[in-house]
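Asker: The structure follows.
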Amino acid sequence: MISMTRLKKRGWRGFVALLAAFVCAGTWAAGHMRSLRDRTEVATITEKMRTICVGRYLVDAPEDANVNLSSEMIAGFTIDTVEKTEPAFHARMAAREAEISARGAEGNGDGEGGLVAARDLSVPGAVGRSFIYGRSRGYLMAGDRRIAMESVSVVAHAHIDGATFTLAAKGTEEASAREAKSLLARLGVRGEDDIPLTPGFCVRRGVFVEPLPDHTNEHIVFHLGLPGHPDVGLALSSIAGGKADEGLLARVAATDADSSADELLRVTKLRTGKRSVNGIDGEEVLERVRELNFTTGYGFMWEAAGVPDDLLHPSLLLRMETGTNPRPGGKPVESSLHQNAVMALWDRMSSSIRLRKPDARPVVSTSSERWPAINGQRASPHRPSRDAPIGHS
């Protein structure tokens with residue numbers, strides 16, 4: 001005969017099992033409700049999109065997203081853009097020239113020496129000033145032969161319709177000042193969301209319109225953040241002229257091979273393989289990561305290899321992360337979006353990447369009409385077109 005104690009134990013075990021079942025069901029229900037809520041939120045966020053011109057490509061972004069462009073470079077020159085009035089521009093140029101002139105005549109090899117030359121830029125529709133400074137001299141040996149070397153820093157500033165564009169290069173030749181001037185002569189101003197209809201390279205507030213001086217390198221990074229989701233970040237990098245590297249899938253496989261068993265247990269591959277986006281062949285890896293502090297985050301990547309010496313086929317890298325602490329140096333935080341919502345946002349954003357296909361109309365290169373067609377209208381140095389509807393390729 002089974003004792004009452006054994007019956008009580010069995011009853012207790014049954015209760016624990018039932019309680020565990022309820023907890024699992026409750027957790028599943030809570031996760032399902034959160035997934036549904038977050039997917040609904042992402043659908044709302046991405047209902048209204050705007051198109052951003054990133055270098056020679058386009059990408060769609062939620063209308064309310066925080067977006068910006070950085071790390072812009074063309075033909076070896078870094079590009080910086082600030083909003084300035086013309087009087088403020090002239091004051092800034094005078095202060096900059098005085099600062100450089102106050103340095104010693106010779107540099108110390110870091111490209112920050114004294115002034116070599118300062119000239120006004122004769123660029124139609126703009127006021128500008130260029131500085132050559134920081135002359136550095138040295139030599140190298142080729143066998144028994146000593147070859148003298150010399151380099152300078154070049155900075156060219158152009159103020160066009162309320163925006164100041166700066167091209168800067170260190171360790172270059174004095175002739176680079178002429179190249180900077182030629183590039184600025186092909187620069188047109190645009191609104192943040194204006195899509196040019198002529199071929200060229202988009203930067204913040206501007207576009208370098210073809211035909212451009214011969215060059216092989218262009219670089220730009222697009223950043224996106226979502227209001228209410230400070231742990232979510234997305235970036236699209238475009239690099240033309242770089243060396244071909246091993247593909248994304250190969251690099252991830254190599255990283256996995258060097259990882260410990262514990263690290264591998266904390267990473268789940270959600271999707272991996274080759275993926276073509278609007279005719280652009282690439283590779284994709286989507287991962288869920290369980291952090292050491294027991295938070296869950298996501299790391300998604302898509303990469304397309306570039307074609308050497310082809311500015312229209314740069315290396316493209318799209319990355320999205322969630323669970324990133326917005327405080328620098330802070331520990332990872334729980335992803336503010338459920339997995340299904342993160343993947344829905346990723347698919348919406350990544351599928352919008354495409355090469356900008358401008359109108360086939362010839363580019364006007366006369367000094368009076370050098371400004372690019374933007375949104376179907378030709379902008380002027382005094383009144384850029386911003387009121388026309390945004391054009392899509």
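Coordinate-derived values only; no laboratory data. This structure is a prediction, so every number in the text was calculated from the model and none was measured. Every residue, glycine as well, gets a Cβ built from its backbone with ideal geometry; the counts of neighbours run over all protein chains shown.
Asker: Note down the magnitude of the dipole of segment 77-193 about its Cα centre, charges +1 on Lys and Arg C-beta and -1 on Asp and Glu C-beta and zero elsewhere, to the nearest 20 debye.
Answerer: Working: 15 positive and 17 negative charges, 68 e Å.
Its charge dipole is roughly 320 debye.
Asker: Apply the Karplus parameterisation 6.51 cos²θ - 1.76 cosθ + 1.60, with θ equal to phi minus 60°, to every residue of segment 68-74 and state each ³J(HN,Hα) to the nearest whole Hz, in sequence, with x for glycine and proline.
Answerer: 7, 10, 8, 6, 7, 8, 8
Asker: Computed FRET efficiency, Cβ-Cβ of Ala43 and Met141, R0 41 Å: what is it to the nearest 0.05? Don't skip to the end; give the middle numbers.
Answerer: On the way: r = 66 Å, r/R0 = 1.60.
Efficiency, from the Cβ-Cβ distance: 0.05.
Asker: Another question, then. Calculate the FRET efficiency for Asp245 and Ser351 from the Cβ-Cβ distance with a Förster distance of 22 Å, rounded to the nearest 0.05. Write down the numbers at each step before the final one.
Answerer: Numbers: r = 24 Å, r/R0 = 1.10.
That pair, Asp245 with Ser351, gives E of 0.35.
Asker: Using 31 Å as the Cα-Cα cut-off, could you pick out the over-long pairs in Lys331/Lys357; Lys181/Lys274; Lys84/Lys170; Lys48/Lys274; Lys48/Lys357; Lys170/Lys274? Can you show the working numbers first?
Answerer: Working: Lys331/Lys357 43 Å; Lys181/Lys274 42 Å; Lys84/Lys170 24 Å; Lys48/Lys274 29 Å; Lys48/Lys357 22 Å; Lys170/Lys274 39 Å.
Over 31 Å apart, Cα to Cα: Lys331/Lys357; Lys181/Lys274; Lys170/Lys274.
Asker: Turning to a different aspect of this structure: Based on the Cβ-Cβ distance of Asn66 and Ala91, what FRET efficiency does E = 1/(1 + (r/R0)^6) give at R0 = 30 Å, to the nearest 0.05? Could the numbers behind the result be given before it?
Answerer: Working: r = 31 Å, r/R0 = 1.02.
Approximately 0.45, to the nearest 0.05.
Asker: Apply the Karplus curve 6.51 cos²θ - 1.76 cosθ + 1.60, θ = phi - 60°, to the phi angles in segment 94-100 and return the couplings in whole Hz, x for Gly and Pro.
Answerer: 5, 5, 5, 5, 5, 5, 5
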